[in-house]
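**Q** Sharing a structure below in structure tokens format, with a few things to ask.
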Amino acid sequence: MGRFTTGVTVITTEVDGEVHGMTANAFMSVSLEPKLVQISVANKAKMLNLISESGTYTVNILSGDQQDISMQFAGQNKEDKEVEFETFEGLPIIKNSIVSLACKIYDTHEAGDHTLFIGEVLNLKIQDGDPLVYFEGKYKEFK
Ligand code: FAD
């Protein structure tokens, strides 16, 4: 699967006023009517219970200059950074993402060691910019 080139997203959710984020590239579109998208979250990830509890999440498609944000939310930075979130449709989003989708859980499906969350898209915000690209475990420049 590492040879399948993807963009990179950060999933966010909020529980009791605390925002949690996680880098994810297992993201796909599912349906146009209604508008549905899907993410796949490892059962060992902290994100799993938090999304289930909140019932909502956002998918933030990162731009080419947000590699540090991807690394932060994948736990790849040596030191944790403070990240400032914007609010969109009442949900926390990552500033300057090329797309942010606000979703509410439509369906959940356990599959092996991951859980698939199908989300109904409540609204989306689009900004100009080239995407961050991921291939064979490395970040790449979009050309
Ligand atoms: P943690 O590991 O505790 O959190 C992740 C990191 O985010 C920590 O460093 C934490 O400090 C930071 N963080 C969380 N909230 C905040 C906040 N509010 N402010 C600042 N920092 C914060 N895993 C999957 O399950 N599915 C995928 O599709 C997937 N795709 C990936 C794609 C890429 C390119 C990479 C690099 C990793 C991917 N992972 C994926 C792995 C996943 O990102 C990591 O395992 C992640 O650490 C799991 O997060 P967690 O919810 O367990 O929480």
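The values are calculated or read from the model by the stated rules, or taken from the named source; none is laboratory data. No experiment lies behind these values; they were computed from the predicted model shown. FYI the Cβ positions are ideal-geometry reconstructions off the backbone, even for glycines, and counts take in every protein chain you see. Note: accessible area is taken over every heavy atom of the protein model, side chains too, but ligands, DNA and RNA are not part of it. Shrake-Rupley method; radii C 1.70, N 1.55, O 1.52, S 1.80 Å.
**Q** Provide the per-residue ³J(HN,Hα) series for region 106-118, in order, calculated from phi with Karplus coefficients 6.51, -1.76, 1.60 and θ = phi - 60°, each as a whole number of Hz, with x at glycine and proline positions.
**A** Values, residue by residue: 9, 7, 9, 9, 7, 9, x, 8, 10, 10, 8, 10, 8 Hz.
**Q** Another question, if that's okay. Calculate, in nm to one decimal, what Lys46 and Asn96 gain on full extension: separation in residues at 0.36 nm each, minus their alpha carbon distance. Please list the in-between numbers first.
**A** On the way: separation 50, 0.36 × 50 = 18.00 nm, distance 2.47 nm.
Once the chain is fully extended between Lys46 and Asn96, it gains 15.5 nm.
**Q** A further question on this structure: Using +1 on the beta carbon of Lys and Arg, -1 on that of Asp and Glu, and nothing else charged, what's the dipole of the chain about the Cα centre, debye to 20?
**A** The dipole magnitude comes to about 460 debye.
**Q** I've got another one for you. Might you tell me the accessible area per residue for the chain, computed with a 1.4 Å probe and given in Å²?
**A** Using a 1.4 Å probe on heavy atoms only, each residue of the chain averages 60 Å².
**Q** A follow-up question, please. Can you give me the long-range amide H partners of Gly64? Hydrogens built in the peptide plane at 1.01 Å from N, cutoff under 5 Å, separation of 5 or more residues or another chain.
**A** Those qualifying (amide H under 5 Å, at least 5 residues apart or on another chain) are Asp130, Leu132.
**Q** Still on this structure: Show the residues, 5+ positions off or on another chain, whose built amide H is closer than 5 Å to the amide H of Tyr106.
**A** Under 5 Å from the amide H of Tyr106 lie the amide H atoms of Ile118, Gly119, Glu120, each far enough along the sequence or on another chain.
**Q** Could I ask something else about it? Largest first, please: the extent of the C-alpha atoms of region 6-138 along each principal axis, to the nearest Å.
**A** Computed over the Cα atoms, the extents are 34, 33, 32 Å.
**Q** Note the direction-averaged projected area, equal to a quarter of the hull surface, for the Cα convex hull of region 65-143, in nm².
**A** 7.1
**Q** List the relative contact order of region 80-143 as a percent without decimals, with contacts defined as Cα pairs under 8 Å and 6+ residues apart.
**A** 25
**Q** Using a 1.4 Å probe on the protein heavy atoms, what percent of the accessible area of region 78-133 belongs to carbon and sulfur?
**A** Of all accessible area on region 78-133, carbon and sulfur atoms account for 43 percent.
**Q** How large is ³J(HN,Hα) for each residue in region 22-33, as worked out from phi by the Karplus curve 6.51 cos²θ - 1.76 cosθ + 1.60 (θ = phi - 60°), to whole Hz, x for Gly and Pro?
**A** 8, 6, 8, 10, 7, 9, 8, 7, 10, 8, 9, 9
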